[in-house]
Amino acid sequence: MTTALPGSPFLAYRGQDLYLEDVSLRELALTHGTPLYVYSRQAMLAALAPYQRALKGRAHLVCYAVKANSNIAVLQTFAQAGCGFDIVSSGELARVLAAGGDPAKVVFSGVGKTRQEMAEALQAGVKCFNVESTAELEVLSDVAAGLKLTARISLRVNPDVDAGTHPYISTGLKGNKFGIAHELAVQTYQRAASLPGIDVVGIDCHIGSQITDTGPYLDALDRVLDLVEAIEAAGVKIHHLDLGGGLGITYTDEKPPAADELIGLLLTRIDARGHGHREVMFEPGRSLVGNAGVLLTEVMFLKPGEQKNFCVVDAAMNDLMRPALYEAYMGIVNLRQRTDTPAVVWDVVGPVCESGDWLGRDRALNVQPGDVLAVLSAGAYGMTMASNYNTRGRAAEVMVDGAQTWVIRERESVRELFSQERLLPAK
Ligand code: LLP
């Protein structure tokens, strides 16, 4: 019998054992060790399909947000599927190029691009810079003119819309560091159009992440279209609309709209307001990879206590930071469905020396030491936010496709962790 878990149709129990596509996760853990990130290639492509379906027949570009999961095999998967990329550093640009991505489909976002990063992106020929301040605009023009190149730009406007998500991942409000205030947008576009190294091509907004409602998107779109009309009335032409990323996924019981449903609503509004001729772009990250990945971790010790029971596992906040940083809920299941052990309520914690080092709190689990657990929906903002805190090497990563598996990142060795450090000279 097959029992599916929330979030991904590619992750299901076959008999007692959890499979991702046609691969037993228990076998992967035995072969490659834990902590181990495992991703489903089919799940990524299945998550992309509704974006592409909804946008078919009109000028569009889906730019996968590299920060969600930047493994080059993941980028390769999306490049081969026709995606562009949303990057925030020249490091991410280098990854895209190494993965065979097309620089002409890259948009460069972020509030703090360095001159060096601007130059590298200009020389690579990126499609567009999403510029976030007047100061950045002036520097970008200067860098481009110095290279005898022109920077195609969008301004990232701040629509002052509440995405209704965690404050750390909400970006479209006035108090956020992101974007150009709605009131200043027209004059900033006029300034942009007057600069020698700048070619205005679009408008951009991104209001936050893990958004589970269509309302904030439609509100932001209306604000953006108001601006486009005002900017064009002021004599500056806008070609594309980049509506950012942010669509949420199911971690537990969230019910985000499907991508094609959301895009359908947005396109209807765009057409109704007479903007249907424009190229439409999105920058999804989490919704393409989040539910395509799990983090496998072995139970080391069970530590029942008076107030709390602790299930100590070998993955920690350095491997997966979302619970510690945002108190994010991520599902946790045993790879083997046990009937021989009663369910007990555990806090699932890692070995790092911080009370904030937990992966899940108050979880009813049937576990024994030596069992391997899967932290669900860990494909986005898992490995990319991992660190080496407590001198812990980062996990290995495996990609699954049908019954095939590939190691797409080797486990980091401790030697590598301090190989760039130097002792002081001997006394
Ligand atoms: N575009 C821009 C300009 C962004 O800042 C982001 C994410 C995206 C696109 C992709 O958003 P997505 O579709 O993945 O929601 N570490 C946090 C999420 C931070 C999101 C930052 N920006 C987390 O683990 O929840």
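Every read-out reported here was derived from the displayed coordinates using simple, explicitly stated rules and does not represent laboratory data. All figures in this text were calculated on a predicted structure; none of them were measured in a lab. Using ideal geometry, Cβ is built from the backbone for each residue, glycine included, and neighbour counts are taken over all protein chains shown.
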Give me the residue from the stretch 106-138 that is under 18 Å from the mean Cα position of the chain (by Cα) and under 14 Å from GLY202 (Cα atoms) and, out of that set, nearest to the ligand (Cβ to nearest atom). SER109
How do the strands (runs of 3 or more DSSP E) wholly within the stretch 85-194 filter down when requiring 2 or more residues that are touching a residue at least 60 places away in the same chain (Cβ under 8 Å): which remain? 128-131, 151-158
Just wondering, is there one or more residues in the stretch 198-206 that are more than 16 Å from the ligand (Cβ to nearest atom), surrounded by fewer than 19 Cβ atoms within 10 Å (Cβ to Cβ) and among the β-branched types (Val, Ile, Thr)? yes
Is there a residue being within 16 Å of the ligand (Cβ to nearest atom), in contact with a His (Cβ under 6 Å, 6 or more places away or on another chain) and closer than 21 Å to ALA259 by Cα anywhere in the stretch 229-244? yes
For the stretch 405-427, name all the residues that are surrounded by 11 or more Cβ atoms within 10 Å (Cβ to Cβ) and without any contact (Cβ under 8 Å) to a residue 24 or more places away in the chain. GLU410, VAL414, GLU416
Residues being surrounded by fewer than 17 Cβ atoms within 10 Å (Cβ to Cβ) and of a type outside the set (Gly, Ala, Ser): count how many of those fall in the stretch 368-383. 2
Please work out if ALA49 is among the aliphatic types (A, V, I, L, M) and farther than 30 Å from GLY276 by Cα. no
